[in-house]
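The values are calculated or read from the model by the stated rules, or taken from the named source; none is laboratory data. Remember, predicted model here, so these are calculated numbers, not experimental data. Every residue, glycine among them, receives a Cβ derived from its backbone with ideal geometry; neighbour counts consider all protein chains shown. Accessible surface areas use protein heavy atoms only, side chains included; no ligands, DNA or RNA. Shrake-Rupley method; radii C 1.70, N 1.55, O 1.52, S 1.80 Å.
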Amino acid sequence: MKTPIFPLLLGLLISCSSWAGQDHGEILSGPFASGSEVTSQCIECHEEHATALMKSSHWTWELEQQLPDRTVKRGKKNTINNFCVAVSSNEPRCTSCHAGYGWKDNNFDFNDMTKVDCLICHDTTGTYVKDPAGAGEVAAKVNLTRVAQNVGRPVRDNCGSCHFFGGGGDGVKHGDLDSSMSYPDKATDVHMDTDGNDFQCQDCHVTQDHQITGNAMGVSPGGDNPIGCSNCHEAEPHKKAKLNQHSQAIACQTCHIPVFAKNEPTKMSWDWSTAGSDRPQTVDQYGKHSYMKKKGDFVWAKSVTPEYAWYNGKADAYMPGDKMDAKVTTKLTYPLGSISDPQAKITPFKVHTGKQIFDKKHNIFITPKVFGKGGYWKTFDWAKAAELGMQQNATMVEKGISFSGEYGFAATEMWWPINHMVSPKSAALQCKDCHSAKGGRLDWQALGYDGDPMKNKTGVRHAR
């Protein structure tokens, strides 16, 4: 570790003492009828904190970032994914995870400070929940006075209330973030192990002025706000020189996260094209839906071996209105890098596959309205859902694109870097896992090698 161990432990002990609720009983008297009423009192003392949050992507749900051939504004607000497809026109459902109150449609006022949700990150009672279809408003059962009077520093459960359940359920999206990370054991995550290091999210995602380091590649492919193992660990952390040589071309996560979705299954595929059928609803061996009329077919998996690709910290992405080819699989997000890129390393990924609606005439992916009045989940009418969704999508309106009336379904995939669920070193990959006569987990030719570089030295990448 770069940081001396005693100051580190002392700092953790001091910070741990502040995670407990701060008594605001004499400051915030209540009662409160809404979250905004709480915020109105919070900002009497903490206006600068609310101002800082409103400059962050947790509030704006978009960032200006550089893709290979263009500068874009991208974030949750306008990403097309292969889970629930898009936020636009489905706001009351999707924005239940926004750090604010009342984002019902395109008319949400991002300059209204009273709409900031302070409690979603600072609740220490464990009782604060949002209405799952309420545009970010607080669930009616919540005792807002109790929560407001017991705020404190965020813990894993605060972050996890959204990030563990992204994509519509526990462990759906990332694969390395789910409810088991709230109180994980050492085998699940050596850093967050509750009987060991007990790291909170912000121990790695260092935060200043409500700007949180680290962004998900799916919504922020520009990669301008990275964190990494080297923030704490030396560049050559191993006793064996051979292992340190590997770290020149192989990300730490590749060896130290052999599998993801260790405890809870993660969704690996979502096929929207089969939705609408009156087939019986089914569940799989994990108790997860494998078919729903509203959503189509799913595939779930546990203890998943990642896929591997060169990654230099940057990615490319499909943007709303981009042309697509229905005859090939569209990569909605994918890592950049190659064997010849000195900044790239072999990195583990979850690859989520999908089949989703597109406009046959315009050759673009559609952002359908699935939730609410006129949405597909009520009408099972794809044409109507496509028309309404495109009409209510600000990006499509700005580009003058409307639904042509002709739709089909096309294959997609999204790449998600695996960074959490770090195993103890005793469970890290061994030489034979990648270098085996029977073939290891790495596809050497796909990675640009002529074969296993341990046996075939042609194309071996030299240390930088």
Computed over the stretch 216-291, the distribution of all Cα-Cα distances in 10 Å bins, rounded to whole %, is 13, 27, 26, 19, 12, 4, 0
Whole-Hz ³J(HN,Hα) for each residue in the stretch 230-240, computed from phi via Karplus 6.51 cos²θ - 1.76 cosθ + 1.60 with θ = phi - 60°, x for glycine and proline: what do you get?
5, 4, 10, 9, 5, 5, 10, x, 9, 6, 8
Overall form of the chain per C-alpha gyration tensor (a/c, 1.5; a/b vs b/c):
oblate
Using only DSSP helix segments of four residues or longer, with each worth -39500 (n - 2.57), what per-residue ellipticity at 222 nm results for the chain after dividing by its residue count and rounding to 500?
-5000 deg cm²/dmol
Enumerate the whole-percent occupancy of each 5 Å bin, from 0 to the last occupied one, for all C-alpha pair distances of the stretch 335-409.
3, 15, 19, 16, 11, 8, 9, 9, 7, 2, 0
Listed pairs Lys173/Lys293; Lys141/Lys293; Lys327/Lys438; Lys130/Lys399; Lys267/Lys323; Lys186/Lys288 exceeding 32 Å between Cα atoms:
Lys327/Lys438; Lys130/Lys399
The stretch 132-278 shape via C-alpha gyration tensor axes, a/c threshold 1.5
oblate
Over the C-alpha atoms of the stretch 114-206, what are the Rg and the largest Cα-to-Cα span, Dmax, in Å?
14.0, 42
May I ask for the Rg/Rh ratio of the stretch 10-132, computed from Cα atoms with Rh as the Kirkwood radius, given to two decimals?
1.03
Packing rank of 97-103, 206-212, where each peptide gets the mean count of other beta carbons within 10 Å, highest leading
97-103, 206-212
Among Val138, Thr60, Thr254, which residue has its Cα positioned farthest towards the positive end of the charge dipole of the chain, with +1 placed on the Cβ of Lys and Arg, -1 on the Cβ of Asp and Glu, and the dipole taken about the Cα centre?
Thr254
For peptides 396-409, 337-350, sequence by mean Cβ density within 10 Å, most packed first:
337-350, 396-409
Return the whole-Å distance between the Cα centroid of the stretch 396-461 and the Cα centroid of the stretch 104-138.
36
Among His362, Gly337, Gly374 the positive-end extreme of the charge dipole of the stretch 321-374 (Cβ point charges)
Gly374
Loop-only check: which GluC sites (Glu not before Pro) in the stretch 23-73 are DSSP coil with at most 12 other Cβ within 10 angstrom?
Glu26
Which percent of the accessible heavy-atom area of the stretch 327-464 goes to carbon and sulfur, probe 1.4 angstrom?
51
The stretch 142-183 - Debye-derived log10 I(q)/I(0), Cα point model, q = 0.16, 0.19, 0.29, 0.34 Å⁻¹:
-0.49, -0.61, -0.90, -1.07
Rounded to two decimals, what is the ratio between the C-alpha radius of gyration of the stretch 81-121 and 2.2 N^0.38 Å?
1.22
Using +1 at the Cβ of each Lys and Arg and -1 at the Cβ of each Asp and Glu in the stretch 413-460, identify which of Asn456, Pro417, Ala427 lies farthest towards the dipole's positive end.
Ala427
Any idea what the relative contact order of the stretch 227-344 is, in percent, if you count C-alpha pairs under 8 Å spaced at least 6 apart?
20
I'd like the trypsin sites (Lys or Arg not before Pro) in the stretch 40-85 restricted to DSSP loop residues with at most 16 other Cβ atoms within 10 Å, sorted by number.
Lys55
In whole angstrom, the spacing between the Cα centers of the stretch 182-218 and the stretch 268-294 equals 33
Cα gyration tensor, the stretch 238-339 - rounded (a/c under 1.5), prolate or oblate:
oblate
When only alpha-carbon atoms are used, what values of Rg and Dmax, in angstrom, describe the stretch 289-370?
15.9, 47
